[in-house]
Amino acid sequence: MEKREATFRIKRFNPLKDTKPYYQEFKLTVFKGMTLLEVLQQIKDKIDPTLAFRAFCRSAICGSCSVKVNGFPKLACKTQVITELEKFKTDTLTIEPLDNMEVIRDLIVDWDGALKKMEELKPYLIPDPKVVPQTLEEECKVLPQELKKYDKFTDCILCTSCFSACTAVNIDEKYGGPFQLARLYRFAVDKRDALKGERAKIGYAYNMWNCVRCEKCADVCPKHIAPVDGIMKLRGISIEVGLKDNPGARHVEAFYKSLLESGTLNEVLLPLRTKGIKGIIENLPVGIKMLLKGKAHSPILKPIKEHKSLVKLIKVAMEVE
Ligand code: SF4
Ligand code: SF4
Ligand code: FES
């Protein structure tokens, strides 16, 4: 069996006795197949019983054991230690609590804020009486093609890894959060739900347009969910229900209009269509640089050769969506 020595540099903090966090190193022999959760448990059982971390299922299903491994949120019970050491080409792994949440002790963070936000977004089915039968004798069938729209979002285990990695959560207190907004989308497209498109209005109120599409939530999700995909689709629904008076929605429409007009992006009109005169003023320095370097084009663009086929393709794609 493959074995090697490894050092675990763990961020410690006990608010009852520490004034600030510090790192403590533990040396252990690790073997192929050993998970990070086993490492933490071994440290707690044999070296330092005061080490605090959360874990329940040990099967990557309860979402409780998420911690940062060399800066990346991961489920401790799913993380193979040898694989991580090989990936980082190192003998030392740094283990820290998740970001964007207050540390209660060592690797345990306070989930309350993240879960409260989820509660506020009403991420549960509110049955539509026109679709969902009132008696238990009747069924409400969901067809496979209907389920496909939101199936992957039902796999979320609430590990909060995406919330920890999210740039928008970090800068905007009001932002709904990646897994929370993805859940909102999940119900917005469930035919049994009474609110449907109205849910996009909730996402709008919780600043879903502040998502910067960094895709970090997709990178770190242990269930490969990509909450950002749900958020983008929820934004689309918000435009459909008429919430267009914001720079994000106008930006999307400006792209769309530009493609329909010429088949290419009209970078000169984009700031004007997105933010009006303010957009022009903000982009003036870049515009002047582009002009000087001969990169600026005319605001009236000649359609590309494949323009008509492209427009057809866009319309078909929109219908399929
Ligand atoms: S893509 Fe959006 S939701 Fe996902 S981490 Fe980035 S800002 Fe957050
Ligand atoms: S979307 Fe993925 S990363 Fe985010 S809470 Fe759910 S399972 Fe965890
Ligand atoms: S202990 Fe449940 S997901 Fe890791």
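Bear in mind these aren't lab numbers, they're just calculated from the coordinates by the rules spelled out. Just so we're clear, the structure is a prediction, and the values are computed from it rather than from any experiment. Here the Cβ is made from the backbone with ideal geometry for all residues, glycine too, and neighbour counts use every protein chain on show.
Modelled spin labels at Phe31 and Ala205, positioned 7 Å past Cα toward Cβ, are 5.6 nm from each other. Pairs exceeding 26 Å between alpha-carbon atoms, taken from Lys44/Lys174; Lys27/Lys89; Lys74/Lys201; Lys244/Lys302: Lys44/Lys174; Lys74/Lys201; Lys244/Lys302. Cross-link reach is defined here as a Cα-Cα straight distance under 18 Å, omitting same-chain residues fewer than 8 places apart; for Lys289 the aspartates and glutamates meeting it are Glu267. In this structure, Glu215 and Leu147 have a Cβ-Cβ separation that, at R0 = 22 Å, corresponds to a calculated FRET efficiency of about 0.35. Highest mean packing comes first when the peptides 103-112, 28-37 are listed by Cβ atoms within 10 Å, giving 103-112, 28-37. Debye-formula intensities of segment 3-108, expressed as log10 I(q)/I(0) at q = 0.13, 0.18, 0.20 Å⁻¹, are -0.43, -0.84, -1.05 (one equal scatterer per alpha-carbon, no solvent). Descending by average beta-carbon neighbour count within 10 Å, the peptides 90-99, 149-158, 183-192 line up as 183-192, 90-99, 149-158, the highest first. Can you compute the label reach from Leu115? Point 7 Å from Cα along the Cβ direction, backbone N cut-off under 20 Å, restricted to segment 49-73. Inside the label zone: 52-68. For Met318 and Asp172, a Förster radius of 41 Å and the Cβ-Cβ distance give a FRET efficiency of 0.85, rounded to the nearest 0.05. Structure remark: mean-square fluctuation, Gaussian network model of the chain, C-alpha springs under 10 Å; the largest value among Leu147, Leu272, Leu292 belongs to Leu292. Annotation: extensible slack from Glu5 through Thr83 equals 26.7 nm (criterion: 0.36 nm per residue apart, minus Cα-Cα distance). Taking only the Cα atoms of segment 263-321, the ratio Rg/Rh comes out at 1.11, with Rh defined as the Kirkwood radius. Between Leu136 and Met232, the C-beta separation translates, for a Förster distance of 51 Å, into a calculated FRET efficiency of about 0.85. Inverting the pair-averaged 1/r between distinct Cα atoms of the chain gives 23.0 Å as its Kirkwood hydrodynamic radius.
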